[in-house]
Amino acid sequence: MSQPSPLTGRPGAVRALAPDEGVAAHYGEPVREQRALERGIAVVDLSHHGVVSVTGADRLSWLHTLSSQRLEGLAPGEATELMLLDVQGHIEHAAGVVDDGATTWLLVDSGRAEALAAYLEKMRFRYEVTVELPEVAVLGTSAAGPALAGARGEDLVVWRDPWPRTAEGSTRYGPADDVHPGSEWSAALWVVPSGDVTAVVDAALAVGGKLAGVWAWEAMRVATWRPRHNLDVDERALPHELDWLRTSVHLHKGCYRGQESIARVFNLGKPPRRLTFLHLDGSEHVIPDPGAEIIGPRDRVVGTLGSVVRHHELGPVGLALLKRNLDPEVDLVVSGIAVAQEVIVNTGGIGTDRPEQVDRSGLRRRDLGGAPHDLRGK
């Protein structure tokens, strides 16, 4: 977004820092705001997030061919998410997806809409599609909260986050859906015409809603172990490492860029890193910055801190990509602060429904002279 949101002018508003510039971190009561969001009565200004719209008769079949997700036959109002990957399976774009019957809406992290639109524009070829950057903003609520209404009483496009429900045709590297922390709270993102943000928010406040800042939103996201592109993904990140296949990758759909790498890591390999939930020493008055190195045994760097927040019940917590085989019980330190691990992605690096591995240890072949030769060199 080029200009700060008009809601940053509300009483008590404290503007957020990168990567959330342009919206309020809080409105003077960050703990109360977080509790209101948890109870489902708060609305959060996320107008710095990006939106790309795709129209045309081929929009869903076209996105289906490009992305990691099965989109053909996506029903109006049904929410899912997709990824666009490089040939090695690394994450380049991640987007929430909802179609309203005429337009497919792609919701992305702040500062990422332009790059996504540019990539899609290059891939249009002869498909009947139009890619645009519409003049809209995003507002966030609890998915269990009351619906937001348009400024003129119209229905708004809403994406209800499918996290952490493991989609049909996918897999998970973390806990089962019903015991996952994300089962306790989920998000809804509302697409609002940019000029209507103030009116839509005021209408929600008039019926008992509370205005909350992005600190509250981020605290709820981290507590549900949901990775964020701008903070938890680097140029080497694979969806397996983040347990992000569960909602964004269909393992049995047709060909797309990066598919072979996704299948190979799932079927045969083990992701080199694992997303971990970190509990930071709460006696400290500061929290480290995202990107800080995490130090393990023998003062070796074992990972990088991604998201970090202060949760109203859990205290300071964060998400980090650590070496997969790192012992979950070892002591870690980040920016001089002691941290403890809570496992998200399993240390074995094995997804559910992974094919049974064939024991090849006894395979033999014949050399040129016809004598059997052990592949192990014996």
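The values are calculated or read from the model by the stated rules, or taken from the named source; none is laboratory data. Because the structure is a prediction, the values reported are computed rather than measured. Here the Cβ positions follow ideal geometry from the backbone for every residue, glycine too, while neighbour counts run over all protein chains shown. For accessibility, only protein heavy atoms count, side chains too; no ligands or nucleic acids. Shrake-Rupley method; radii C 1.70, N 1.55, O 1.52, S 1.80 Å.
The table below lists the values:
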item: Hey, residue 216 touching a helix residue (DSSP H, G or I) at 6+ places or on another chain (Cβ under 6 Å), of a type in the set (A, V, I, L, M, F, W, C) and open to solvent by 10 Å² or more (accessible area, probe 1.4 Å) or not; result: no
item: Residues of region 128-154 satisfying the condition of being farther than 18 Å from residue 33 by Cβ, free of Cβ contacts under 8 Å to residues at least 60 places away in the same chain, open to solvent by 20 Å² or more (accessible area, probe 1.4 Å) and touching an Asp or Glu at 6+ places or on another chain (Cβ under 9 Å); result: 147, 149, 151, 152
item: Per-region count, region 93-112, residues in a strand (DSSP E or B) and either closer than 16 Å to residue 58 by Cβ or not small (Gly, Ala, Ser) (or both); result: 10
item: Boolean, residue 261 is open to solvent by less than 40 Å² (accessible area, probe 1.4 Å) and touching a helix residue (DSSP H, G or I) at 6+ places or on another chain (Cβ under 8 Å); result: no
item: Subset of region 74-102 (residues that are of a type in the set (S, T, N, Q) and either in contact with an Asp or Glu (Cβ under 6 Å, 6 or more places away or on another chain) or open to solvent by 40 Å² or more (accessible area, probe 1.4 Å) (or both)); result: 88
item: Matching residues, region 341-378, being open to solvent by 50 Å² or more (accessible area, probe 1.4 Å), out of contact with any Pro (no Cβ under 9 Å at 6 or more places or on another chain) and at pLDDT 65 or above; result: 350, 353, 355, 356, 357
item: Residues located in region 36-73, provided they are in a loop (DSSP other than H, G, I, E, B) and open to solvent by less than 20 Å² (accessible area, probe 1.4 Å); result: 40, 46, 47, 48, 67, 68, 69, 71
